[in-house]
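The values are calculated or read from the model by the stated rules, or taken from the named source; none is laboratory data. This is a predicted model, so every value here is computed, not measured. Cβ: placed from backbone, ideal geometry, glycine included. Neighbour counts: every protein chain shown.
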Amino acid sequence: MVQYLILLMVGMAVLLFGSVTDVRRRTVSSYLFIPLYVAGIVFLALYIHPPYWFYIAGILMFIATFMKTDLLVYPLVGVIFLIFSIFMVFRVFIFGFDLLVMSAIFLMGFQERFFGIGDIKALLALSFSFISIPMITPFTQAQEIISGFVPFSMALLINVAVFSIIFVPYIVYLSMKTGKSSGSSSLFVLRYDEETYHKNSKKFSVHEYRGKKYMQYRAPFMISITGGFIVTVLFGFWIMVI
């Protein structure tokens with residue numbers, strides 16, 4: 001159990017630091033999650049002993065996140081990982097399934113439309129390192145059974161998505177407040193305003209549609225990832241037994 005606690009402390013330290021920087025600057029260092037990945041490699045090698053291909057694919061996938069996400073080769077690499085993981089599901093299910101979820105997470109980083117690349121690195125590092133971490137407080141026997149064949153990464157991804165819902169009212173509030181002051185009120189999207197954007201450009205993403213520019217508040221998803229991680233460690237795949 002000590003080895004689990006050490007890995008959990010490394011994970012929490014990295015996530016908390018990333019959450020602080022994400023709230024303040026809406027950006028997370030690309031190198032922040034390297035220590036967690038290294039700790040995960042050591043933990044897996046000493047206590048879990050996964051197949052060699054899981055190490056290789058997991059490490060290569062993390063390295064691939066350092067390429068530019070708007071390159072066409074990015075989704076191509078993601079599809080290669082996805083196809084490989086589908087085949088590996090039939091070799092060793094739990095590791096192949098985990099790799100399959102990681103491949104889907106990697107693909108969501110394309111052009112950073114769903115998550116920032118820092119968020120993708122965080123999800124991959126957690127999915128790779130904590131594949132066998134047991135939930136601390138399982139509610140039912142069914143939940144314990146589910147956790148035996150559903151990888152940590154799948155539960156994490158769902159819990160992060162559920163946890164992200166808390167940001168919807170906050171983003172709506174910010175958008176409405178800024179929209180009223182700039183003459184463009186909307187639930188999520190604002191008409192591009194040069195002065196408003198440059199006051200705090202890191203908190204906005206800018207998009208163009210039909211020749212017009214719009215801006216949108218960035219949500220600090222590292223908080224969702226941290227919250228989802230804590231919920232997963234405590235309760236696992238709870239949504240499947242509600």
What do you reckon, is Leu16 closer than 23 Å to Ala57 by Cα, touching a residue at least 40 places away in the same chain (Cβ under 8 Å) and among the aliphatic types (A, V, I, L, M)? no
Would it be correct to say that Met222 is crowded, with 18+ Cβ neighbours inside 10 Å, touching a strand residue (DSSP E or B) at 6+ places or on another chain (Cβ under 6 Å) and modelled with pLDDT of 70 or more? no
Just checking, how many residues over segment 135-183 are at pLDDT below 70 and closer than 19 Å to Phe54 by Cβ? 3
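Let's see how each residue does on (1) closer than 20 Å to Val233 by Cβ; (2) touching an Asp or Glu at 6+ places or on another chain (Cβ under 6 Å); (3) surrounded by fewer than 20 Cβ atoms within 10 Å (Cβ to Cβ):
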{"site": "Ile6", "(1), (2), (3)": "yes, no, yes"}
{"site": "Phe33", "(1), (2), (3)": "yes, no, no"}
{"site": "Ile41", "(1), (2), (3)": "yes, no, yes"}
{"site": "Ala45", "(1), (2), (3)": "no, no, yes"}
{"site": "Ala57", "(1), (2), (3)": "no, no, no"}
{"site": "Ser85", "(1), (2), (3)": "no, no, no"}
Can you find even one residue in segment 52-64 that is among the aliphatic types (A, V, I, L, M), closer than 15 Å to Leu123 by Cβ and within 17 Å of the chain's Cα centre (by Cα)? yes
May I ask you to verify whether Met102 is over 20 Å from the mean Cα position of the chain (by Cα), assigned to a helix (DSSP H, G or I) and of a type in the set (A, V, I, L, M, F, W, C)? no
